[in-house]
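Report on the following structure.
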Amino acid sequence: MRIVGVFCSALLTIGTLASPAQAATVTVDTRDELIAALAAATAGDTVFVAGGASINLTGHKRIAIPAGVTLASDRGTNGSSGALLYNTELDLGDNESWAQFRVTGSGTRITGLRLRGPDSEIRDNAYQYDNSRGIEAVAASDLTVDNNELSAWSHGAVVLRDTIEARYSRNNVHHNRRTGLGYGIVLVDNSSAVIEYNTFTQNRHAIAGNGIRTLRYEARYNLVVDNAKGHGFDMHGEDEALGNGAPYAGDVIHIKHNTFRSKVEAAVKVRGKPATGAYVSGNCFAHSSAGAAVQQTLFTGNLNVGSNTYNTTTAVCHGSPKPVAWQLSDGGTAAWTALAPYTFDTSEVGFGDFDGDGKTDVFRATGARWYYSPGGTGRWVPGALAGTTRNNLRFGDFDGDGRSDVFTVDGEQWKFSSGATTSWQPLATSGVPLADLRFGDFDADGKTDVFKVDSGGKWLYSSGGRASWAPLAGSDLPVESLGFGDFDGDKKTDVFAMISGRWQFSPGGSGAWQPLAVSGTAASSLKFGDLDGDGWTDVFRSDGTTWYFSSGGRTSWTRLRTASCPANSLAIADFTGDGKADVFTGRCGG
């Protein structure tokens, strides 16, 4: 089944599904059949609504679409408009807010349908009538909403709440325009989404977020024809949502290669200071200037407006589409290959083997829950419900079960979550700040230890994070000047440093300095991993154009490959399970 969507009056092929007969677990064309099929569906099933069906769902709300289930029709196939699912419930003075479909869990897809709500009008105020939502996702992940027509939902066509990495693509989204609400898609609390190749017409806001500092979206290659009484892309402020005085307006906002055809209102409005940054570039605006097109209110800062095209209502800012995906270079020598289609950059995630399969996984803390992507290729796997975010976490195997755990410091109490799935469990206590701690297995017992440098330059470690401090060796170097790895292959973590123009290491952190290669590059400019698979830690560097490694830290530099990504955008770990470290990047590669 070939699915197409409309963007700037041109048909775009967006993907290929199996034919209905092949893809459908069940085909329905009545309300009762649809509701029964969804109730019985399990992950991997496709509930296919016949293209000619028109199903009135009035009287039925919050219909659950289970995790991993696809609800589909044939919009765009041989000229089909797709099945129409609609609801006419509209009650004057009713304060109820309801959703037609509700999604929880991972991997649900809604595609090829027409979903029409009960109210396409602007109205006098937000609560003159009850409020409707086409699709509401709560605590979900990897939701895909693509190739649909979504209209007349007074609150929003799609509402994401604590939902990570939704994909909203190639939809025709129009007349969701209730006063004070009216969103094509709105993100709430700890949510993230990629929003691309959609056409937005007569929505109060095409895209909005409620501004919580952990919320983010990437909007790219969308067409905004016009808006109803509002600007196009929006990010509220956290203070507006919580009344806490915080200056934030979301975390990360990427707005790139979109086309805005109306200049009646601003195209983009950010109502505060993004915690990390908002980046606006490569767009075509009808507006005369950057100041007219992009506005920041309430608090300022972290808004980056790059090169855009102004004064145009005809140009289309496609550029050369580049998939949003993490990238991997196998062994640091291969060309980039795409991993999972996620937006988080290297600095925003953690790394460890959380499922114990020998491959490095990618970890994300949303502010509400932890997730990991197996090998960086799989869908998000939910972990513990936890509000602690990435900057306050470290990773290691503190219980020796072969899976990575999550470590934090709460006051003076060290704590860990086993496999990132359990509640916090206590370890030792210490007044050393988390930023001054380092981690490794200094006694080779298979459990991660905690390392510090005291005020006199003495190195100390706590075995498994449970024991009192035990002495190692020491030096006059600050902890920031040290690196860690197994440079002699004895399974103990060694301490690495550049001293007097030569790399040196202390075996197990307890032995005297042993010479490695001659180099003036300090540990703080290097990364470490076993790139040649010999069981000894190698040294990696990037000069901005080329990657190099030194085997075991003993050899001269060997060229790996040409790549422009700087070292601070890279992570070195074994994502494929072949015993060799690979090079990972978030937004740089590809």
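The values are calculated or read from the model by the stated rules, or taken from the named source; none is laboratory data. These figures come from a predicted structure and were not determined experimentally. Here Cβ is always computed from backbone atoms with ideal geometry, including for glycine, and neighbour counts include all displayed protein chains. Ligands, DNA and RNA are stripped out before the accessible areas are found, and what is left, the full protein with its side chains, is counted by its heavy atoms. Shrake-Rupley method; radii C 1.70, N 1.55, O 1.52, S 1.80 Å.
Odds and ends about this structure:
- Residue satisfying all of: in region 195-214; hydrophobic (A, V, I, L, M, F, W, C) and out of contact with any Phe, Trp or Tyr (no Cβ under 7 Å at 6 or more places or on another chain); surrounded by the most Cβ atoms within 10 Å (Cβ to Cβ) among these: Phe200
- Count of region 506-521 residues, restricted to those that are open to solvent by 30 Å² or more (accessible area, probe 1.4 Å), within 14 Å of Phe549 (Cα to Cα) and touching a Ser or Thr at 6+ places or on another chain (Cβ under 7 Å), is 0.
- Restricting region 85-102 to residues that are in contact (Cβ under 8 Å) with a residue 40 or more places away in the chain and more than 21 Å from Asp74 (Cα to Cα) leaves a set whose member that is least open to solvent (accessible area, probe 1.4 Å) is Ala99.
- Any hit, region 538-547, residues being of a type in the set (D, E, K, R), open to solvent by 60 Å² or more (accessible area, probe 1.4 Å) and at pLDDT below 95: yes
- Residues of region 382-391 classified as free of Cβ contacts under 8 Å to residues at least 60 places away in the same chain and either within 15 Å of Phe354 (Cα to Cα) or among the aromatic types (Phe, Trp, Tyr) (or both), total: 2
- Members of region 385-407 that are farther than 20 Å from Thr276 by Cα and either in contact with a His (Cβ under 6 Å, 6 or more places away or on another chain) or among the small types (Gly, Ala, Ser) (or both): Ala386, Gly396, Gly400, Gly402, Ser404
- Unique residue being part of a strand (DSSP E or B) and not aromatic (Phe, Trp, Tyr) when the list is Leu560, Leu531: Leu560
- Matching residues, region 450-488, being under 26 Å from Arg554 (Cα atoms), touching a residue at least 40 places away in the same chain (Cβ under 8 Å) and either surrounded by 14 or more Cβ atoms within 10 Å (Cβ to Cβ) or touching an Asp or Glu at 6+ places or on another chain (Cβ under 8 Å) (or both): Phe451, Trp459, Val479, Ser481, Leu482, Gly483, Phe484, Gly485, Asp486, Phe487, Asp488
- Between Gly245, Gly277, Gly272, the distinction of being touching a residue at least 60 places away in the same chain (Cβ under 8 Å) and either touching a strand residue (DSSP E or B) at 6+ places or on another chain (Cβ under 7 Å) or surrounded by fewer than 21 Cβ atoms within 10 Å (Cβ to Cβ) (or both) belongs to Gly272 only.
- Residue in region 61-80 that is in a helix (DSSP H, G or I), closer than 14 Å to Phe101 by Cβ and either modelled with pLDDT under 95 or of a type in the set (Gly, Ala, Ser) (or both) present: no
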